1. Can you tell me which of (1) surrounded by fewer than 16 Cβ atoms within 10 Å (Cβ to Cβ); (2) outside any helix (DSSP H, G or I); (3) at pLDDT below 90 is the one residue 111 doesn't meet?
2. Out of 143, 147, I need the residue that is buried (at least 19 other Cβ atoms within 10 Å of the Cβ) and modelled with pLDDT under 90. Which one?
3. What's the number of the condition residue 88 fails, among (1) touching a residue at least 12 places away in the same chain (Cβ under 8 Å); (2) farther than 20 Å from residue 32 by Cα?
4. Any idea which of (1) surrounded by 16 or more Cβ atoms within 10 Å (Cβ to Cβ); (2) within 14 Å of the chain's Cα centre (by Cα); (3) more than 15 Å from residue 129 (Cα to Cα) is the one residue 99 doesn't satisfy?
5. Which residues, counting only those in the stretch 114-135, are touching a helix residue (DSSP H, G or I) at 6+ places or on another chain (Cβ under 7 Å), outside any strand (DSSP E or B) and either surrounded by 15 or more Cβ atoms within 10 Å (Cβ to Cβ) or modelled with pLDDT under 90 (or both)?
6. Can you tell me which of (1) in contact (Cβ under 8 Å) with a residue 12 or more places away in the chain; (2) surrounded by 13 or more Cβ atoms within 10 Å (Cβ to Cβ) is the one residue 106 doesn't meet?
């Protein structure tokens, strides 16, 4: 049996459960594929304008490169985004998300008629969800889910041959990044 990989967990509390609910935690693990998703507070369509989308993509590309996150696939809709990609150094996840969300919320808020504070997250204070991809099947499913996001929301059409190519690529990729 292979030894366990080292990782660090971040907690907003010292307790694993609170009020019968499991507390949210982030796992920081080196050489890991992550699935990350975040939504605007109250599902406000903050990215409806092309200018807001442009801000997101500019900041996303900047901070993912700065922190060594290599996205495989990313989708941005009017009020949320999903991304799946490889992160070499797990400890970079927190700073990357803090900087990305901080700069995007400031710049997009400048465009909105009414400032949204807090900009990201749900009513429980969770700004984003990140999950460590455990195996190739989970990697393929997360990739397909993210890749076909716009079609499910009626934003765009996806040619069937591009989905087949994406499935072939992801099946040949090493998604469990040991």
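The values are calculated or read from the model by the stated rules, or taken from the named source; none is laboratory data. Treat the numbers as computed from the prediction; the structure is a model and nothing was measured. When we count neighbours, we look across all protein chains shown, and the Cβ atoms used for this are built from the backbone with ideal geometry, even at glycine.
1. The single condition residue 111 does not satisfy is (3).
2. 147
3. With respect to (1) touching a residue at least 12 places away in the same chain (Cβ under 8 Å); (2) farther than 20 Å from residue 32 by Cα, residue 88 is out only on (2).
4. (1)
5. 116, 119, 121, 127, 128, 133, listed by residue number.
6. Among (1) in contact (Cβ under 8 Å) with a residue 12 or more places away in the chain; (2) surrounded by 13 or more Cβ atoms within 10 Å (Cβ to Cβ), the lone unmet condition for residue 106 is (1).
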